[in-house]
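K.L.:
Below is a structure I'd like to ask you about.
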Amino acid sequence: MKGKRIIACLLLLLSAAGIFSFTADDDVIANLTKRLIAWSDKHPIEKAYLHFDKPYYTAGEDIWFKAYVLTGPDRQLQPDSSILNVELINEADSIKQALKIQLHSGLGYGDIPLPDTLSEGNYRIRAYTEYMRNAGSEYFFDKAIVIGNVITNKVFTSTTFKYSQNQVTAKVRYTDANGAAYSNKKVNYSVMSPGGPKAKGHAETDADGNINISFAVDANALKSAKLLTAISGTGQGTVYKSIPMQVMAGGADVQFFPEGGNMVNDVPNRVAFKAVGTNGLGTEIKGNVVDNDGKTVAAVFITHLGMGVFNFTPKAGKIYKAMLTYADGSKGAIPLPKAGDSGYVLNIIGTDSNRIVVNIASAKPINEQLNLIAQCNGKVVYAAKSVVGKTSFSTVIPISKFPSGIVQFTLFSAAGEPLNERLVFVQGNDKLGLTITPDAQSYSARQAVMLNIATKTTLDKPVMSSLSLAVVNESKTPIDENLENNIFASLLLSSDIKGYVEQPAYYFNNINDKTRADLDVLMMTQGYRRFQWRTVAAGTDSMDQYAVQKTFTISGKVTTSSGQPVKGGKVELINFGDGILQVDTVTDANGHFAFTDVIYPDSIKFLLQARTAKNKKNVVITIDSVPPAAAGNYKSLPDFIVNAGQSITTYAKNSRQFYFEQTKFGMGNHVISLQEVVIREKKIALKHSANLNGPGNADQILMAKDISLGCVQLSDCLQGRLLGVIFRNGIAYSTRGGGPMLVVVDGMYTDSRYMNSMTVNDIQSIEVLRNISNVAIYGGRASGGVLVITTKRGDEPVEYPTYFGSGVKPYAPKGIYRSRTFYSPKYSAKADTKLGDLRTTIFWKPYVETIDGKGTVNYFNGGPGTYRVVVEGVDVDGRIGRQVLRYNVQ
C-alpha cells in the first residue's frame, strides 16, 4: 500500500508538471487513433509460430511441429486463414520440402520426414499464410536448424577461418564418420558471395586431411559468403560441401542510436549503440566518446551481444566521435550523430516491472501542444498531450495499461507530424499461467508417466487452452536454451522486428534486471516497421495483394492454338485417380476460368478438359500458378553454423545407433542404399548438353517427353513445370531473385526471348540451374540462375510423351498434408526395449487441451537420462504460455 501511495503522489506531481490524459477533444490524437483503427481493420497483423519437438535433427528422422497462427491487436487465434505453408529450405535458399497444413481456428500440426539421403548442413523452417505475404517475408516465421547426416554422408568437414589485411585463411579438415582423415585427396574450391564468385582454386589434403587455402577478399564481400568445396577420391564420387564463411574481419560496423531519434544540445541524452562483425553477430568494442577538444564525455562498453548505452549532454559548437578499440586490437574513430539546437529528446525508462516512465525535454520552452501516442499490434493503448510553455514534461504509466510485447511510443507535433519514436518492450502480466505436475518424484527407465497440466489466467482462474507438449532426453540432446525456439521470443519480439535479433530467447528464459536492461537496449537499436505513421495518418496505404486463403482455387485460361481467348468454353475438372470429383464451369470473355472453394489432399491428380462453345477440342489450357515466396535474403543468416555437422556430435552418435535399430523393424524415413548404377540411357539423352557442370548436373531436368506440345511459345509449356522458376511476360525468373535467368542454347548464351522463338518439338532437354554451386561456374551474368537447353541432333533415344490429347491437361497440385502419428512404445506390451531406449524425442503430442483448465498426458519413459518437458500454447483469449520441467530417469 505504501508503494501505491508513492506512485499516486508521483503521478499527481507529474501531472502538475504538464501532462494530461487524452480526451475526446484532442483532434490530433483522435484523428490518428481513428486512422490506426482503420489501418488495423484493413491490414490486421497476422503471426505464425511453430513449436518443434527439439532444436536439431539428423537425416532419417521426423520434424514434429504444432502451428499457431494469431491475428489482430489482441493476438486472437486466426479464424480466417485456413492454410499454412511450411517449407524446409537449405542454406542455398532451395526449398527442399513444402507442405500445406490445414488450420482449424488458427491451429494445425504436421511433420516433415527427412530422408536419410538428405545432405547435412544448415537449414531453415519457414511458415506463413498467403495473407502474411503482404507484410513481406521478414515477418514470416523462419527458424534456422541444423540437420546432420551420419548414415549416407561419408565425408565430414571441420573448418576455421582467419582474417588479416584483406586476406582470408581457411583450414578445412576432411574425415569419415569415425574421424579418420581423407589424406592426399584432390579438392576444388570457390568462394561465392551474393555479388558473384570472389576466388577459386584447387588444393590437396595433407596426411591429416587438411587443406590450407588463402585468398584476397574485401571485408564487405564476406557477408553471406560461402566456401564451396568439391573433394574426390573418397570412394563416394565427387562430394560437395557448402560452408558458411562466418569470419570476423578487422573492425566492426558500429552504429549509434540517440534515444527517440534526436540529440539536442544542452539536454541530457541517452545513446545506444550496436557493434556488428562481418559474421553478422554482435562483437566486442570498447572506448570513449570525446569532443573536438579531446575531452572524454562518456565511456563506451558492451553490455550484451555487441550492444550498450551511455549518457551525456552535448554542447553547442562541439563535435563528438567515439574512439574505439575492436576485438582484434585494431582501432577506429566513428563520428556521433550531430546534435541540434532545437527539437525534443524522448527518454523512457522501460526496465521497471511495474511502470513505464516517460520524459520529454527541450532546450527551449515548448511553444506547441505535443501529442504522445503508444500503440501495440496496431492498437492505441495510451495517449496524452502536453501543456504549452514548459521545457519538459513527464508521466508515469502503470504496466497494467499495456499488453506484453513491443510498444511503440511516438511524439507528434501539434500538426500531427511524427517527431520522435522509441520502442519499449513490456513484460506484462497477461501471459497464460502454466503448471506441469508429474505423478511421481522420481522415475525409472521405461516407467509409465502421467503429467497433470493446469492453465490459469492472471486472475488465477482456470481457462481453456490448446497446448503442445514435447519430451526429450536432454542427456542425448544437449540444448542451449538461448538458441532454442521460444513462443514468447517469436510472437512477442522477432515477429515485429524487421532486422536480425541475435539469441531472442535469452530475454525470456530467466527474466531479471539484467535481461530487462539488455532488452531495453535492443529496443533502442531496432526499428518497428509494421507500418509508417505518415502513411497511416495520410490514409494512403496500398491494397493487399494476397487475400486470406480459406480454400484452394484452380484457375487458368483457355485459348486457341493461335493464342486467342476462348469465350464461353466449357471446362471440366475431374479427379484423375478415381473420378469421384467432376465439376465444370464456363470461361469468361477473356477465356479465364476458375474453380473456387476447393479443398483436396496432397498427391491428388486432376484432369482438366476444355472445349469451345461449339464443342471443339482444339484448344490450349494454361493453368495459373502462384509461386512460393522468394526464399532469399534470410535475415537470420548469422544463425547458420560453420561446422554444422560437428555441432551435434553427441546427438548424431545416438542417432546412428537408433537408425540401425529402426531398420530392423522397417521404421523411419529410410531408403535402401545400393551400389552406384550408371543410367546410360539418360547420359546418352544428355550427351550433347553444354552444361558446364557436366551433363545432368542440375537442380532439375526436363526431357522432351516431359514438355507439353501445343504451346504458343516455350514459356507457356514450362509455366508451373520448373521448380522455383516463374515466367513473367515470357521471361524466366528464379524465385531466389537476381534478375532474369541466363538461357544457354547448345552452348550459346541467349535470353528468354530467344528461347520463346524456338520450336518446342526441337528441344531434347532443359536443365535448370538454381543452386549456387551449379551457377557459380557461369559467373556474374548467371546471378538469376541458368536454363541450359539442348536441341535434338537425331541420335538421341526416342522417348514418347504421355499425351492426353488436345484440350486436355493433367494437373497435380500440392494439397493438404496429412500428418503422421508419433510413435510412442508401450512397454507394458511386447516391444523392442532397445529401440525405445535410444529415442531422443520421448514423446510428442501436438494437441493437449485443457477444457476446464486441466489436462493430463500419459507416456512411457525411454532410457536413463535427464528428461526435459516443454509445454507451449495459447488460451481462448489469446494469452500465450510456456513452461519447462526437468526430471531424472534412473
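K.L.:
Between Thr325 and Gln700, what length in nm is gained on full extension when 0.36 nm per residue of separation is reduced by their alpha carbon distance?
P.N.:
130.0 nm
K.L.:
Roughly what would the spin-label model give for Asn888 and Ile851, points 7 Å off Cα along C-beta, in nm?
P.N.:
The answer from the label model is 3.9 nm.
K.L.:
Still on this model: In whole percent, how big is the carbon plus sulfur part of the accessible area of region 491-601, probe 1.4 Å, protein atoms only?
P.N.:
Ligands and nucleic acids excluded, carbon and sulfur reach 49 percent.
K.L.:
How many angstrom separate the Cα center of region 47-65 from the Cα center of region 323-383?
P.N.:
40 Å
K.L.:
How long are the semi-axes of the ellipsoid equivalent to region 615-657, from square roots of 5 times the Cα gyration tensor eigenvalues, in whole Å, largest first?
P.N.:
Details: eigenvalues 458, 75, 8 Å².
Working from the Cα gyration tensor, I get semi-axes of 48, 19, 6 Å.
K.L.:
How much mean residue ellipticity at 222 nm does the chain get from its helices, if each DSSP H run of length 4 or more adds -39500 (n - 2.57) and you divide by all residues, to the nearest 500 deg cm²/dmol?
P.N.:
Helices in the chain give a 222 nm mean residue ellipticity of -3000 deg cm²/dmol.
K.L.:
Which of the residue pairs Lys274/Lys295; Lys42/Lys66; Lys96/Lys616; Lys226/Lys653; Lys226/Lys809 have a Cα-Cα distance greater than 32 Å in the structure shown?
P.N.:
On the way: Lys274/Lys295 23 Å; Lys42/Lys66 28 Å; Lys96/Lys616 41 Å; Lys226/Lys653 27 Å; Lys226/Lys809 42 Å.
Lys96/Lys616; Lys226/Lys809, as the Cα separations exceed 32 Å there.
K.L.:
Turning to a different aspect of this structure: Say each of Ile479 and Thr160 gets a label point 7 Å from the Cα, pointing the same way as Cα to Cβ; how far apart are those two points in nm?
P.N.:
Label at Ile479, label at Thr160, 3.2 nm between them.
K.L.:
Further question on the same structure: Could you tell me which helices of the chain pass both thresholds, a Cα extent of 15 Å or more along their own axis and a mean Kyte-Doolittle hydropathy of at least 1.0, with helices taken as whole DSSP H runs?
P.N.:
Values: long enough: 2-16 (22 Å, 1.37); 27-42 (22 Å, -0.05); 513-525 (19 Å, -0.22); 649-664 (24 Å, -1.53).
Helices meeting the criterion: 2-16.
K.L.:
Something else: What distance in nm separates the simple spin-label points at Ser353 and Gln545, each placed 7 Å from Cα in the Cβ direction?
P.N.:
4.6 nm
K.L.:
Let me ask you something else. How much of the accessible area of region 24-163, in percent, comes from carbon and sulfur atoms when a 1.4 Å probe is used?
P.N.:
48 percent
K.L.:
Now for a separate question. Rolling a 1.4 angstrom probe over the protein chains, ignoring ligands and nucleic acids, what is the accessible area of Glu421 in square angstrom, nearest 10?
P.N.:
Counting only protein heavy atoms, Glu421 exposes about 70 Å² to solvent.
K.L.:
Percent of accessible area on region 341-404 owned by carbon and sulfur, 1.4 Å probe?
P.N.:
Values: 1070 of 2340 Å².
Ligands and nucleic acids excluded, carbon and sulfur reach 46 percent.
K.L.:
Further question: With every protein chain left in place, what is the accessible area per residue of the chain in square angstrom, probe 1.4 Å?
P.N.:
Per residue, the chain has an accessible area of 44 Å².
K.L.:
What label, among (1) 12, 32, 24, 18, 11, 3, 0; (2) 14, 46, 34, 7, 0; (3) 12, 39, 36, 12, 0, belongs to P(r) over Cα pairs in 20 Å bins from 0, in percent computed from the structure on display?
P.N.:
Among (1) 12, 32, 24, 18, 11, 3, 0; (2) 14, 46, 34, 7, 0; (3) 12, 39, 36, 12, 0, the one derived from this structure is (3).
K.L.:
Moving on. Could you give the length gained by full extension between Asp588 and Lys567, i.e. 0.36 nm per residue of separation minus their alpha carbon distance, to one decimal place?
P.N.:
Full extension of this stretch gives 7.0 nm more.
K.L.:
Lys/Arg Cβ at +1, Asp/Glu Cβ at -1, dipole of the chain taken about the Cα centre: which of Ile147, Asn510, Leu423 is farthest positive-ward?
P.N.:
Value computed over the given set: Ile147.
K.L.:
Taking the Cα centroid of region 533-609 and of region 704-770, what is the distance between the two, rounded to the nearest whole Å?
P.N.:
23 Å
K.L.:
Okay, next question. Given Val768, Asn888, Ile621, which one lies farthest toward the positive end of the charge dipole of the chain, if we put +1 on the Cβ of every Lys and Arg and -1 on the Cβ of every Asp and Glu?
P.N.:
Going by the charge dipole, the pick is Val768.
The values are calculated or read from the model by the stated rules, or taken from the named source; none is laboratory data. All values reported here derive from a predicted model rather than from experimental measurement. Heads up, the Cβs are rebuilt from the backbone with ideal geometry, glycines too, and the neighbour counts pull from every protein chain shown. Ligands, DNA and RNA are excluded from the accessible area calculation, which covers all protein heavy atoms including side chains. Shrake-Rupley method; radii C 1.70, N 1.55, O 1.52, S 1.80 Å.
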